[in-house]
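S.K.: Here you go, one structure.
Bear in mind that the values in this text are calculations on the coordinates, not laboratory data. Just so you know, these numbers come straight off a predicted model, no measurement behind them. Virtual Cβ from ideal backbone geometry, glycine too; neighbours counted across all protein chains shown.
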Protein chains: 4
Amino acid sequence: MPRIFSYNEFKDGIDEVKTYADKHSPVITCDDIAVRDSKFKVNVRIGKTIAHPNKADHRFEYVQLWDLETLLAEARFSAITFGRSPVMVEVDFYVVPLVSMRLKALAYCNKHGVWESEEVFVKVIDSK
Amino acid sequence: MPRIFSYNEFKDGIDEVKTYADKHSPVITCDDIAVRDSKFKVNVRIGKTIAHPNKADHRFEYVQLWDLETLLAEARFSAITFGRSPVMVEVDFYVVPLVSMRLKALAYCNKHGVWESEEVFVKVIDSK
Amino acid sequence: MPRIFSYNEFKDGIDEVKTYADKHSPVITCDDIAVRDSKFKVNVRIGKTIAHPNKADHRFEYVQLWDLETLLAEARFSAITFGRSPVMVEVDFYVVPLVSMRLKALAYCNKHGVWESEEVFVKVIDSK
Amino acid sequence: MPRIFSYNEFKDGIDEVKTYADKHSPVITCDDIAVRDSKFKVNVRIGKTIAHPNKADHRFEYVQLWDLETLLAEARFSAITFGRSPVMVEVDFYVVPLVSMRLKALAYCNKHGVWESEEVFVKVIDSK
């Protein structure tokens, strides 16, 4: 492939395993309902509760936002972007949906591969 | 090069020229002061006051955020990301600054080339 | 996810299905053996035997080259890059391997999603 | 900006300066003449004669190929792509030209910024 990892594969592991999975897992935060043809904000943050290292040779290089098989947006970062301490990498995308979406975020760590978020369903309705 | 365009080159033109420049110009919005080693939000929006077409063959493909000669972050979009109507493409980046920054955004329109924002100075101070 | 498609899922279908899968499938071409610490060329071409449309709203946007879970390189194209006729999108990457590789290419069609190549094993040996 | 650097600014400097500029300068190699609507190969290599370091915090992150103000293609690399020794980063793009081109390559070093190649004119003719 590459194999795509997700938190749920690791959630029954020992604490060390759960910490590893936590800090690699992208999380989507947005409203449940969007208005058709209007700008809609989607926050993607990496790490459920724990910050990930941000060293040049161990960091998140990019985050993608998908609606099923369609790529909506991608953000790329440099090693310098997030300083030298562990960090929850974060970006707000804006999309203008025409139909309901099944969002998923993918994030690439240059040491531990591609991780996916849980899927988030956004219902798209007409404005009143 | 490519040549890099900016609003100021066109600001003394006729209305049609100014409209053209307005809708291609990225605008950075953020606080004047950031706290060292803390997450800092930077909004980049394309269009001073006017939305740009979002057709597959005439749209903004990517936005970059620079601190002088250092690339901090880049966001890429698909044709489908922003629907079918003119739109002000937008993204919120987060950075963790170590020193003061001179931010500039570059945006690439696949019909009219690369456009730069005005430079924004952000003073970085220590938290109290 | 997004789901990742591969030719083999479709190879027992009717001709129309096989044609569809053929023109979406990336193909890696390279030597079987590479010399450690030396530049090694890897050709990635999309389409086993059939060219894919290259329209702004139906085309391949990017190709990635992976070694298991490690991203080696990525190439992105504009709608204008490959003219207006169907085309086998193509790029030659160069890598400098330290250990043997299991290469796989992923390609993203903005209408039909992500497609993966077959895996190619490259043995890395020391120069004599 | 960012400011875009080129070899010619440094060519009258002392040897150390010329070496610095040499290893940062992208070089385009291709035929002078291309056939309209046919695939045309363009090699981009970074370094006129001297290899550049390839460390995670000092390396070339991406190369772009431009035809005047139009982006034709972009290749991105990871720190791991080119091993641990200095290297001339390299990629072969393929384009299908419709009209004559004025090619220029831009390359981004994460320590020393964006560097441009010399412009290469490619005449596009009809096949006989």
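S.K.: Please determine, by comparing only the residues of region A:10-38 that are among the small types (Gly, Ala, Ser) and in contact with a helix residue (DSSP H, G or I) (Cβ under 6 Å, 6 or more places away or on another chain), which one is nearest to A:Glu61 (Cα to Cα). Give the steps one after another, and end with the answer.
M.R.: Going residue by residue through region A:10-38, those that are among the small types (Gly, Ala, Ser) are A:13, A:21, A:25, A:34, A:38.
Add one more test, that the residue is in contact with a helix residue (DSSP H, G or I) (Cβ under 6 Å, 6 or more places away or on another chain), and what stays is A:21, A:25.
Details: A:Ala21: 17, A:Ser25: 14 Å.
Top of the filtered list is A:Ser25.
S.K.: Within region D:50-76, work out how many residues are under 16 Å from D:Lys23 (Cβ atoms) and touching a strand residue (DSSP E or B) at 6+ places or on another chain (Cβ under 8 Å).
M.R.: Filtering region D:50-76 down to residues under 16 Å from D:Lys23 (Cβ atoms) leaves D:50-55, D:58-61, D:63.
So of that shortlist, the ones also touching a strand residue (DSSP E or B) at 6+ places or on another chain (Cβ under 8 Å) come out as D:51-52, D:54, D:58-61, D:63.
Qualifying residue count, region D:50-76: 8.
S.K.: Hey, another quick one. Quick check on my filter: what residues within region B:76-128 are facing another protein chain (nearest Cβ under 8 Å), over 30 Å from A:Thr70 (Cα atoms) and in contact with a helix residue (DSSP H, G or I) (Cβ under 9 Å, 6 or more places away or on another chain)?
M.R.: B:Val96, B:Leu98
S.K.: Any residue at all in region B:78-87 that is among the charged types (D, E, K, R) and in contact with a strand residue (DSSP E or B) (Cβ under 7 Å, 6 or more places away or on another chain)? Walk me through how you get there before you give the answer.
M.R.: First pass over region B:78-87, keeping only residues among the charged types (D, E, K, R): B:84.
Those still in the list that are in contact with a strand residue (DSSP E or B) (Cβ under 7 Å, 6 or more places away or on another chain) too: none.
Within region B:78-87 (the criterion being among the charged types (D, E, K, R) and in contact with a strand residue (DSSP E or B) (Cβ under 7 Å, 6 or more places away or on another chain)), the answer is no, since none of the residues qualifies.
S.K.: Regarding C:Phe60, is this residue aromatic (Phe, Trp, Tyr) and closer than 26 Å to B:Asp57 by Cα?
M.R.: Working: aromatic (Phe, Trp, Tyr): yes; closer than 26 Å to B:Asp57 by Cα: yes.
Yes: the conditions hold for C:Phe60.
S.K.: Considering C:Val124, C:Val114, C:Val96, C:Val91, which residue is in contact (Cβ under 8 Å) with a residue 40 or more places away in the chain, over 15 Å from the mean Cα position of the chain (by Cα) and within 30 Å of D:Leu103 (Cβ to Cβ)? Break it down into steps so the answer makes sense when it comes.
M.R.: Values: C:Val124 fails: within 30 Å of D:Leu103 (Cβ to Cβ); C:Val114 fails: over 15 Å from the mean Cα position of the chain (by Cα); C:Val91 fails: over 15 Å from the mean Cα position of the chain (by Cα).
The conditions single out C:Val96.
S.K.: Picking from B:Lys39, B:Lys23, which residue would you name as being of a type in the set (D, E, K, R) and closer than 26 Å to A:Ala51 by Cα?
M.R.: Details: B:Lys23 fails: closer than 26 Å to A:Ala51 by Cα.
B:Lys39 is the lone residue from the list that is of a type in the set (D, E, K, R) and closer than 26 Å to A:Ala51 by Cα.
S.K.: Residue check, A:Ile14 against (1) farther than 17 Å from B:Tyr94 by Cβ; (2) in contact (Cβ under 8 Å) with a residue 60 or more places away in the chain, all met but one. Which one?
M.R.: (2)
S.K.: Going by the structure shown, is D:Ser25 within 23 Å of B:Asp67 (Cα to Cα) and not β-branched (Val, Ile, Thr)? Reasoning before the result, please.
M.R.: Numbers: within 23 Å of B:Asp67 (Cα to Cα): yes; not β-branched (Val, Ile, Thr): yes.
Yes; evaluated as a whole, the condition is true for this residue.
S.K.: Could I ask something else about it? Just checking, does region B:6-14 include any residue being under 11 Å from the mean Cα position of the chain (by Cα) and in a loop (DSSP other than H, G, I, E, B)?
M.R.: no
S.K.: Related question: Against the definition (in contact with a strand residue (DSSP E or B) (Cβ under 6 Å, 6 or more places away or on another chain), away from chain B (no Cβ under 13 Å) and over 26 Å from C:Tyr62 (Cβ atoms)), how does D:Lys41 come out, yes or no?
M.R.: Working: in contact with a strand residue (DSSP E or B) (Cβ under 6 Å, 6 or more places away or on another chain): yes; away from chain B (no Cβ under 13 Å): yes; over 26 Å from C:Tyr62 (Cβ atoms): no.
When the stated conditions are applied, D:Lys41 does not pass them.
S.K.: Consider only pairs whose beta carbons are under 6 Å apart and that are at least six residues apart or on different chains; among these, list those whose first residue lies in region D:26-53 and is touching a residue at least 40 places away in the same chain (Cβ under 8 Å) and whose second residue is of a type in the set (Asp, Glu).
M.R.: So the pair list comes out as D:Arg36/D:Asp126; D:Lys41/D:Asp92; D:Asn43/D:Asp92; D:Arg45/D:Glu90; D:Lys48/D:Asp22.
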